[in-house]
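Participant: One structure is given below, represented as structure tokens, and several questions about it will come after.
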Amino acid sequence: MNLILLGPPGAGKGTQAKILTKKYDIPQISTGDILRNAVKQATPMGLKAKAFMDAGALVPDEVVVGIVSERIVEADCRNGFILDGFPRTVSQADALSAMLAANGNKIDHVISITVNKNDLLRRITGRRTCRSCGKGYHLEFDPPKTAGVCDECSGVLFQREDDCEDTMRKRLDVYEQQTAPLVEYYSNAGLLRSLPGDEAIDVIQSMIVSILKRDA
Ligand code: AMP
């Protein structure tokens with residue numbers, strides 16, 4: 001099963017993808033995570049991507065298309081994958097269809113998660129991550145027991161540079177302009193199902209699972 005989770009930053013795509021990965025035993029492919037890792041390792045790709053990411057802009061299509069084309073042919077993708085944060089432009093979506101078609105493969109489902117802008121801002125600007133183990137927190141919805149300290153490993157919590165309010169506003173504009181057209185794109189292809197992202201995590205998860213069953 002090849003699944004795309006579509007939605008603005010903060011809609012909960014990553015959270016849902018992590019649960020689905022366990023349930024269906026197919027990997028989550030997050031281009032944002034892959035890029036952040038490349039930045040951390042200071043690889044040539046990371047060095048190229050960093051300025052775009054810090055500014056809340058999209059990394060050039062050829063970079064992310066290259067990442068995904070290499071990732072989806074890995075062994076753990078043979079039963080499918082969950083794309084989280086890709087595609088983000090129509091040209092990425094076209095490239096994805098072409099790379100899948102070349103292997104006789106296709107996208108089976110596109111699930112769009114929608115959340116209003118104020119809620120997204122609140123969700124994202126409160127996000128914190130442990131620098132040591134990567135565990136995620138939210139200052140309001142899921143705070144650590146001690147402010148600034150990871151419950152699991154006592155690591156220091158930090159805010160992603162692109163999660164601050166100014167950059168977040170820019171990311172939401174970029175979403176509206178460049179990624180939202182994919183809703184129509186996949187709707188025209190008969191693949192899109194939309195869900196309200198302001199429900200509880202487990203409610204959204206059940207909605208996704210029933211869509212996947214119904215459309216199987
Ligand atoms: P995310 O964690 O998915 O919000 O991604 C963080 C940042 O990585 C984005 O703001 C972009 O700068 C970059 N990025 C991630 N995925 C893509 C993509 N598919 N196309 C272009 N840039 C991307």
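Participant: Within the set of pairs 6 or more residues apart or between chains, which connect a residue that is in contact (Cβ under 8 Å) with a residue 12 or more places away in the chain and within 20 Å of Arg171 (Cβ to Cβ) inside the stretch 10-38 to a residue that is among the hydroxyl-bearing types (Ser, Thr, Tyr) and within 12 Å of the ligand (Cβ to nearest atom) with Cβ atoms less than 8 Å apart?
Facilitator: Gly14/Ser30; Ala17/Ser30
Participant: All but one of (1) near the ligand (Cβ under 9 Å from one of its atoms); (2) open to solvent by 20 Å² or more (accessible area, probe 1.4 Å) hold for Ala102; state the number of the condition that does not hold.
Facilitator: Checking Ala102 against (1) near the ligand (Cβ under 9 Å from one of its atoms); (2) open to solvent by 20 Å² or more (accessible area, probe 1.4 Å), the one that fails is (1).
Participant: Consider the stretch 41-84. How many of its residues are open to solvent by 10 Å² or more (accessible area, probe 1.4 Å), near the ligand (Cβ under 9 Å from one of its atoms) and not in a helix (DSSP H, G or I)?
Facilitator: Qualifying residue count, the stretch 41-84: 6.
Participant: Within the stretch 144-196, can you find the residues that are part of a helix (DSSP H, G or I), out of contact with any strand residue (DSSP E or B) (no Cβ under 9 Å at 6 or more places or on another chain) and either on the phi > 0 side of the Ramachandran plot or of a type in the set (D, E, K, R) (or both)?
Facilitator: Glu161, Asp162, Glu165, Asp166, Arg169, Lys170, Arg171, Asp173, Glu176
Participant: Can you give me the number of residues within the stretch 2-40 that are within 15 Å of the ligand (Cβ to nearest atom) and in a loop (DSSP other than H, G, I, E, B)?
Facilitator: Qualifying residue count for the region: 6.
Per-residue answers, yes or no, for (1) within 16 Å of the ligand (Cβ to nearest atom); (2) open to solvent by 30 Å² or more (accessible area, probe 1.4 Å); (3) farther than 29 Å from Thr129 by Cβ; (4) β-branched (Val, Ile, Thr):
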| residue | (1), (2), (3), (4) |
| --- | --- |
| Glu161 | yes, yes, no, no |
| Asp173 | yes, yes, no, no |
| Thr179 | yes, no, no, yes |
| Ser187 | no, yes, yes, no |
| Gly190 | no, yes, yes, no |
| Ile204 | no, no, no, yes |
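The values are calculated or read from the model by the stated rules, or taken from the named source; none is laboratory data. Source: prediction; values computed, not measured. Virtual Cβ from ideal backbone geometry, glycine too; neighbours counted across all protein chains shown. Keep in mind that these areas ignore ligands, DNA and RNA; they rest on the heavy atoms of the full protein, side chains included. Shrake-Rupley method; radii C 1.70, N 1.55, O 1.52, S 1.80 Å.
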